[in-house]
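The values are calculated or read from the model by the stated rules, or taken from the named source; none is laboratory data. Note that the structure is a prediction, hence the values are computed from the model and not measured. Methodologically, a virtual Cβ is constructed for each residue, glycine included, from the backbone with ideal geometry; neighbour enumeration extends over all protein chains shown. The area values use the complete protein model at the heavy-atom level, side chains included, leaving out ligands, DNA and RNA. Shrake-Rupley method; radii C 1.70, N 1.55, O 1.52, S 1.80 Å.
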Amino acid sequence: MSRILAKLLDQGLLQRTPDPEDRRRKQLTLTPSGKTRLGTLDSLARENLQQLLKPLPPDQQDELISAMQRIRQLLEFDKQRAVLIRPLKLGDLGTIINRHAVLYADEYGWDQSFERTVLEVLSAFASHYDKQLEQGWVAEVGGQFAGSIFAVKEDDTTARLRALLVEPRFRGMLIGRQLIEQCVDFCRQSGYRKITLWTCSDLTQARKLYGKTGFSCTRAWQEKLFGTELTSECWDMDL
């Protein structure tokens, strides 16, 4: 590194000046000639990149750019840990159905009947959506889908919490708790007096979250569901 810096200084591309905050240190900055050379190198790099991408059709160029952006997001994950809870937007329902089906199959061995159930629930939500009494939210981390939750009308005084999900790679960031609190706040503001939900004994982390946020198990029963034997549970919260 010292030899490289010495060569750049000899060529007049860099200049060394004292650090005004600490005279023992030196600052390196580009000279006008150095800035010109850097501009030339940037232009050459850009031209080389354009030639490299030119044979690819536009859709493959977009795919390559998306992959590079994903690599950058993964490498800069610690810089992007801020959690955003936002209302639903176009395309979210498809993502939520897909992630429920895949994750519950991977983690609990549930079959395709669960995917059909989520599809039916969210189709009903989309078909009869009442924005004053019903809402869905998505959690994002660094622009990536991280989870979901829904509040839907059960009756005039009761809301039902639906489709709580947190992506595995974002667990441990209190996303589930934030989603539940968002849902509870909405239900209070909408005039509901109670929130109810279905879960099962296998969903241990979700059950812990429900307990910590004020829900309690009011009923349990055995049934065969989603291709397995489950202990289904009803959990309620008075508002």
Any idea which residue in segment 134-163 is most open to solvent (accessible area, probe 1.4 Å), counting only those that are among the hydrophobic types (A, V, I, L, M, F, W, C) and farther than 14 Å from Gln182 by Cα? Phe145
Restricting attention to segment 116-132, which residues are open to solvent by 70 Å² or more (accessible area, probe 1.4 Å), touching a residue at least 12 places away in the same chain (Cβ under 8 Å) and assigned to a helix (DSSP H, G or I)? Leu119
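Scan segment 208-220 for residues that are without any contact (Cβ under 8 Å) to a residue 24 or more places away in the chain and open to solvent by 70 Å² or more (accessible area, probe 1.4 Å) and report the count.
So in segment 208-220, the residues without any contact (Cβ under 8 Å) to a residue 24 or more places away in the chain come out as 208, 211, 215-220.
Filter once more, so that each one left must be open to solvent by 70 Å² or more (accessible area, probe 1.4 Å): 208, 218-219.
Number of matching residues: 3.
Which is outside any strand (DSSP E or B), in contact with a Phe, Trp or Tyr (Cβ under 6 Å, 6 or more places away or on another chain) and open to solvent by 60 Å² or more (accessible area, probe 1.4 Å), of Gln182, Gln178, Gln205? So that I can check it myself, show each step before the final result.
Numbers: Gln178 fails: in contact with a Phe, Trp or Tyr (Cβ under 6 Å, 6 or more places away or on another chain); Gln205 fails: in contact with a Phe, Trp or Tyr (Cβ under 6 Å, 6 or more places away or on another chain).
Among Gln182, Gln178, Gln205, only Gln182 is outside any strand (DSSP E or B), in contact with a Phe, Trp or Tyr (Cβ under 6 Å, 6 or more places away or on another chain) and open to solvent by 60 Å² or more (accessible area, probe 1.4 Å).
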Checking Pro55 against (1) under 37 Å from the mean Cα position of the chain (by Cα); (2) assigned to a loop (DSSP other than H, G, I, E, B); (3) surrounded by 10 or more Cβ atoms within 10 Å (Cβ to Cβ); (4) not charged (D, E, K, R), the condition it does not meet: (3)
Tell me whether segment 185-199 contains one or more residues that are among the hydroxyl-bearing types (Ser, Thr, Tyr), without any contact (Cβ under 8 Å) to a residue 40 or more places away in the chain and buried (at least 16 other Cβ atoms within 10 Å of the Cβ). yes
Among the candidates Thr204, Thr218, Thr196, Thr231, single out the residue that is touching a Lys or Arg at 6+ places or on another chain (Cβ under 8 Å) and of a type in the set (Ser, Thr, Tyr). Thr196
Suppose the filter is more than 30 Å from Glu134 (Cα to Cα), open to solvent by 80 Å² or more (accessible area, probe 1.4 Å) and touching a residue at least 24 places away in the same chain (Cβ under 8 Å); does Arg37 pass it? yes
Would you pick out the residues in segment 12-34 that are under 17 Å from Ser2 (Cβ atoms) and either of a type outside the set (D, E, K, R) or surrounded by 10 or more Cβ atoms within 10 Å (Cβ to Cβ) (or both)? Leu13, Leu14, Gln15, Arg16, Lys26, Gln27, Leu28
Find the residue count for segment 157-175, including only residues that are of a type outside the set (A, V, I, L, M), farther than 14 Å from Arg99 by Cα and modelled with pLDDT under 95. 2
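Conditions tested, residue by residue: (1) at pLDDT 85 or above; (2) within 24 Å of Ile175 (Cβ to Cβ); (3) open to solvent by 60 Å² or more (accessible area, probe 1.4 Å).
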| site | (1), (2), (3) |
| --- | --- |
| Gln60 | yes, no, yes |
| Leu64 | yes, no, yes |
| Leu75 | no, yes, yes |
| Gln80 | no, yes, no |
| Leu84 | yes, yes, yes |
| Pro87 | yes, yes, yes |
| Gly94 | yes, yes, no |
| Asp111 | yes, no, yes |
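Would you confirm, using the coordinates I've provided, whether Ala220 is in a helix (DSSP H, G or I) and out of contact with any Cys (no Cβ under 6 Å at 6 or more places or on another chain)? Full working, then the answer.
Values: in a helix (DSSP H, G or I): no; out of contact with any Cys (no Cβ under 6 Å at 6 or more places or on another chain): yes.
So Ala220 fails the test.
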Does Phe215 meet the test of being at pLDDT 95 or above and closer than 16 Å to Val118 by Cβ? no
